[in-house]
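**Student:** If you scroll down you'll find the structure; I have some questions about it.
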Amino acid sequence: MTFTFPDDEKLIQQEFAKNVPFALSVAESAAHPDRPSSAVGSQAADFTPAAFTTSYARGGDQEVSVVVRKAVRDKELKYRVNGGRTHGEALRPWKGGERFGGEDNLHFDEYRAGIGHGEPGDEVEVWFTGRTGGGKKVSSERFTYTVAERPRADVLVVAEEGAKAAQARKYVDALGANGRKAAVWDVAERGAPDALGVLSHFDTVVHHTGAGTPGVATQLQLRAFLNEGGRLIEAGEQAGGSVDLGGALSDDFSQYYLGAYTRTSTSEATAFTGSGGLEGFSGALGDAPGNPLDKAGTYGVTSDELPVATHPRFASAGAGRFPGTASPYGPYAGAYMAAAVHTDDGYKRLTRTIDLTGTDAADEPALRAQLLWDTEPGYDHVVVEAHTAGADDWTTLPEAGGATRTTVPTECGGGFYVGEHPWLKHYLTPAEGGCAATGTTGAWHSLTGSSDGWRQVDFDLSAYAGKTVEVSIAYVTDPGSGGHGVLVDDASLVVGSTATGTEGFEASLGAWRASGPPAGSPAVLKDWTRTGELFRTYSAVTTEDTVVLGFGLEHLTSAADRAALMRKALDALDA
């Protein structure tokens with residue numbers, strides 16, 4: 001993402017000084033780019049093997065890989081089986097896969113070679129050798145793998161349930177009903193399966209994640225498997241979403257390999273009806289033992305955001321829905337809603353004035369609405385602003401059910417968020433090293449990330465009883481990327497537990513208006529507007545090489561349906 005650096009000479013000088021050693025390292029490396037200089041003492045090795053510990057070759061060849069400095073001559077694979085004599089094979093440059101590898105390798109390259117006829121129980125020691133330009137012998141670190149016992153199988157079921165696999169048998173049985181023999185790899189017991197050592201020995205992999213989110217280690221291996229022509233069926237309530245990279249979330253694999261551009265949860269899925277590549281399937285859904293179906297996934301399709309005509313590599317299509325569930329990006333009720341879609345540097349307000357002059361605090365007046373938000377977590381925020389009409393007592397309101405947080409925006413101390421939107425100083429106080437969640441007139445309460453569908457929200461207005469109050473639902477974005485935005489429907493004033501003046505935006509914005517940004521913020525693009533469904537979502541998505549399901553096969557209530565859906569998924573992949 002981009003941001004505006006603080007206009008502070010001391011900070012600028014510190015940042016400049018911190019980057020000088022790196023800049024000098026880059027300049028020095030220009031004279032010998034295959035042996036780059038490093039201000040922190042790092043060295044580029046002659047060989048970097050792709051080590052693994054388990055091979056599923058089972059009588060077949062096992063390919064091994066290493067990144068080598070291209071200037072090294074006479075590059076060879078060396079290996080020994082069960083401590084026997086040393087064998088040698090010439091290394092060949094890897095041609096690359098469907099998405100990455102094989103290009104722009106000017107000074108280092110990836111090389112491959114095969115080790116033949118591995119039998120179960122064999123222990124194979126692997127290393128790589130060569131000579132420098134001056135003729136000096138060089139060698140890599142060694143690694144050892146074991147050729148594992150496994151059943152003869154053409155499909156691998158990768159079970160990643162967060163604990164010892166409990167649902168894998170249902171996948172094996174569904175494959176068996178379609179004439180496919182399966183082996184099972186349990187991530188909880190064995191770690192992520194290596195793309196070369198394990199996955200490469202199968203044409204098709206079925207990865208199921210139970211109630212948990214996919215792990216990044218497994219996902220990286222699956223990505224490498226797909227890159228080299230593999231086919232993948234991905235199933236689970238939280239499949240097709242983001243993975244945790246250690247504090248940062250990434251949905252790149254879901255978007256560009258699975259075709260699932262966005263993911264939203266629903267707790268109302270009771271059946272699945274296929275379409276597109278899964279056309280003709282229909283089956284009932286329910287809770288599985290230890291895994292209730294309470295977060296079933298629905299997806300925006302990548303090709304709806306990146307059209308096939310301009311992005312053919314990411315071609316994808318919706319492949320089914322949960323009948324009877326509302327579209328997460330359509331109106332909560334009726335045919336229309338109010339929406340503010342994401343644009344960078346936006347401060348978008350949906351505003352109305354509420355007359356509470358005849359209302360007492362004991363009446364507990366509140367703003368109630370159905371709200372859906374999908375924002376960049378930590379960086380983009382939804383706030384409900386309020387102030388007495390004609391007064392400068394601005395603040396943001398906490399949500400009565402605890403949906404809002406007082407956590408300040410990510411990197412708030414950097415100044416770029418408040419710098420783009422100085423009005424936020426009413427609620428935030430930037431300072432060196434951080435921010436305070438209070439400002440010149442009020443306090444900070446915000447919604448960020450994803451609501452996972454429509455949620456009822458309530459904001460207490462009793463502090464304004466006897467007065468006229470102006471409230472705004474504001475969507476405030478930073479200069480970088482973001483989610484889909486904010487949707488509002490059925491907005492009401494609640495007095496004495498009775499909702500009045502409910503606005504469903506069916507004919508107009510009613511008492512609400514798009515009031516524009518506050519002073520100091522950039523002009524708004526794509527402000528609040530009345531709209532119907534923004535885009536369609538699906539509970540399954542297919543690409544040429546993948547099928548992703550927003551539920552597990554274990555959630556299908558009959559074995560016959562599990563077998564039938566597996567058949568459709570295999571057929572969709574020509575597997």
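**Student:** Of Asp490, Asp478, which residue is within 25 Å of the chain's Cα centre (by Cα), in contact (Cβ under 8 Å) with a residue 12 or more places away in the chain and crowded, with 19+ Cβ neighbours inside 10 Å? Spell out the reasoning first.
**Tutor:** Working: Asp490 fails: within 25 Å of the chain's Cα centre (by Cα).
Step by step, each of Asp490, Asp478 is checked, and only Asp478 is within 25 Å of the chain's Cα centre (by Cα), in contact (Cβ under 8 Å) with a residue 12 or more places away in the chain and crowded, with 19+ Cβ neighbours inside 10 Å.
**Student:** Yes or no: the stretch 25-42 includes at least one residue that is touching a Leu at 6+ places or on another chain (Cβ under 8 Å), outside any loop (DSSP other than H, G, I, E, B) and not assigned by the TED database to the domain that holds Pro193.
**Tutor:** No; the residues of the stretch 25-42 include none that is touching a Leu at 6+ places or on another chain (Cβ under 8 Å), outside any loop (DSSP other than H, G, I, E, B) and not assigned by the TED database to the domain that holds Pro193.
**Student:** I'm trying to understand the selection: among the residues of the stretch 336-371, which are over 20 Å from Ala514 (Cα atoms) and modelled with pLDDT of 95 or more? Write out each step before concluding.
**Tutor:** First, the residues of the stretch 336-371 that are over 20 Å from Ala514 (Cα atoms): 356-366.
Answer for the stretch 336-371, where residues must be over 20 Å from Ala514 (Cα atoms) and modelled with pLDDT of 95 or more: Leu356, Thr357, Thr359, Asp360, Ala361, Ala362, Asp363, Glu364, Pro365, Ala366.
**Student:** Of the residues that sit in the stretch 420-455 and are free of Cβ contacts under 8 Å to residues at least 24 places away in the same chain and among the aliphatic types (A, V, I, L, M), which one is surrounded by the most Cβ atoms within 10 Å (Cβ to Cβ)?
**Tutor:** Leu428
**Student:** Moving to a separate point now. Does Thr353 meet the test of being assigned to a strand (DSSP E or B) and hydroxyl-bearing (Ser, Thr, Tyr)? First the steps, then the outcome.
**Tutor:** Values: assigned to a strand (DSSP E or B): yes; hydroxyl-bearing (Ser, Thr, Tyr): yes.
In short, yes.
**Student:** Additional query: Give the stretch 527-559 a look and list any residue that's closer than 29 Å to Val341 by Cα and part of a loop (DSSP other than H, G, I, E, B), or say none. Break it down into steps so the answer makes sense when it comes.
**Tutor:** Initially, the stretch 527-559 is screened for residues closer than 29 Å to Val341 by Cα, giving 527-543, 547-551.
Hits for the stretch 527-559 are Asp527, Trp528, Gly532, Glu533, Leu534, Phe535, Arg536, Thr537, Ser539, Thr543, Gly550, Phe551.
**Student:** Okay, next question. Which residue, of Val486, Val524, is assigned to a strand (DSSP E or B) and β-branched (Val, Ile, Thr)?
**Tutor:** Val486
**Student:** Being modelled with pLDDT under 95, farther than 22 Å from Gly466 by Cα and buried (at least 17 other Cβ atoms within 10 Å of the Cβ) is the requirement here; does Glu376 meet it?
**Tutor:** On the way: modelled with pLDDT under 95: yes; farther than 22 Å from Gly466 by Cα: yes; buried (at least 17 other Cβ atoms within 10 Å of the Cβ): yes.
The answer is yes for Glu376.
**Student:** What do you reckon, is Asp392 in contact with a helix residue (DSSP H, G or I) (Cβ under 6 Å, 6 or more places away or on another chain), assigned to a loop (DSSP other than H, G, I, E, B), closer than 28 Å to Gly520 by Cβ and not hydrophobic (A, V, I, L, M, F, W, C)? Working first, answer last.
**Tutor:** Values: in contact with a helix residue (DSSP H, G or I) (Cβ under 6 Å, 6 or more places away or on another chain): no; assigned to a loop (DSSP other than H, G, I, E, B): yes; closer than 28 Å to Gly520 by Cβ: yes; not hydrophobic (A, V, I, L, M, F, W, C): yes.
Against the criterion (in contact with a helix residue (DSSP H, G or I) (Cβ under 6 Å, 6 or more places away or on another chain), assigned to a loop (DSSP other than H, G, I, E, B), closer than 28 Å to Gly520 by Cβ and not hydrophobic (A, V, I, L, M, F, W, C)), Asp392 does not qualify.
**Student:** In the stretch 24-55, which residues are aliphatic (A, V, I, L, M) and within 22 Å of Val72 (Cβ to Cβ)? Talk me through it step by step, then tell me what you get.
**Tutor:** Residues of the stretch 24-55 that are aliphatic (A, V, I, L, M), as a first pass: 24, 26-27, 30-31, 39-40, 44-45, 50-51.
Matches in the stretch 24-55: Ala30, Ala31, Ala44, Ala45, Ala50, Ala51.
Every residue, every condition in (1) in the same structural domain as Ser558 (by the TED database); (2) closer than 19 Å to Val198 by Cβ; (3) not in a strand (DSSP E or B), yes or no:
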site	(1), (2), (3)
Glu98	no, no, yes
Gly102	no, no, yes
Gly118	no, yes, yes
Val126	no, yes, no
Gly130	no, no, no
Gly135	no, no, yes
Glu161	yes, yes, yes
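**Student:** Quick check on the stretch 83-97. Is at least one of its residues touching a residue at least 40 places away in the same chain (Cβ under 8 Å) and of a type in the set (S, T, N, Q)?
**Tutor:** Taking every residue of the stretch 83-97 in turn, none turns out to be touching a residue at least 40 places away in the same chain (Cβ under 8 Å) and of a type in the set (S, T, N, Q).
**Student:** State whether one or more residues within the stretch 127-135 are modelled with pLDDT of 95 or more, small (Gly, Ala, Ser) and surrounded by 14 or more Cβ atoms within 10 Å (Cβ to Cβ).
**Tutor:** yes
**Student:** Please list, ordered by first then second residue, the pairs with beta carbon atoms under 7 Å, 6 or more apart or interchain, first in the stretch 379-402 and free of Cβ contacts under 8 Å to residues at least 60 places away in the same chain and in the same structural domain as Val488 (by the TED database), second polar (S, T, N, Q) and crowded, with 22+ Cβ neighbours inside 10 Å.
**Tutor:** From residues that are free of Cβ contacts under 8 Å to residues at least 60 places away in the same chain and in the same structural domain as Val488 (by the TED database), the pairs are Thr396/Ser446.
**Student:** Check whether at least one residue in the stretch 277-285 is modelled with pLDDT of 95 or more, out of contact with any strand residue (DSSP E or B) (no Cβ under 7 Å at 6 or more places or on another chain) and at negative phi, and report yes or no. Even if it seems obvious, please write down each step before you answer.
**Tutor:** Pass one, the stretch 277-285, residues modelled with pLDDT of 95 or more: 277-285.
Still in the list and also out of contact with any strand residue (DSSP E or B) (no Cβ under 7 Å at 6 or more places or on another chain): 279.
Narrowing the set further to residues that are at negative phi leaves 279.
The answer is yes; a qualifying residue exists.
**Student:** Identify, please: which residue in the stretch 493-516 is part of a strand (DSSP E or B) and surrounded by 14 or more Cβ atoms within 10 Å (Cβ to Cβ) and is, among those, farthest from the chain's Cα centre (by Cα)? Please lay out each step first, then the result.
**Tutor:** Here is the first cut: in the stretch 493-516, the ones part of a strand (DSSP E or B) are 493-495, 498-503, 513-514.
Checking the rest, the ones that are also surrounded by 14 or more Cβ atoms within 10 Å (Cβ to Cβ) come to 493-495, 502-503, 513-514.
Numbers: Leu493: 36, Val494: 37, Val495: 41, Thr502: 35, Glu503: 34, Arg513: 34, Ala514: 31 Å.
The selected residue is Val495.
**Student:** So Ala211 clears everything in (1) within 16 Å of Glu554 (Cβ to Cβ); (2) free of Cβ contacts under 8 Å to residues at least 40 places away in the same chain; (3) part of a loop (DSSP other than H, G, I, E, B) except one condition, right? Which one?
**Tutor:** Exception for Ala211: condition (2).
**Student:** Given the options Thr209, Thr218, name the one that is in the same structural domain as Ala166 (by the TED database), β-branched (Val, Ile, Thr) and either crowded, with 24+ Cβ neighbours inside 10 Å or in contact with a Gly (Cβ under 6 Å, 6 or more places away or on another chain) (or both). Before you say what the answer is, go through the steps one by one.
**Tutor:** Values: Thr218 fails: either crowded, with 24+ Cβ neighbours inside 10 Å or in contact with a Gly (Cβ under 6 Å, 6 or more places away or on another chain) (or both).
Going through Thr209, Thr218 in turn, the sole match is Thr209.
The values are calculated or read from the model by the stated rules, or taken from the named source; none is laboratory data. Source: prediction; values computed, not measured. Neighbour counts are summed over all protein chains in view; Cβ atoms, including those assigned to glycine, are modelled from backbone coordinates with ideal geometry.
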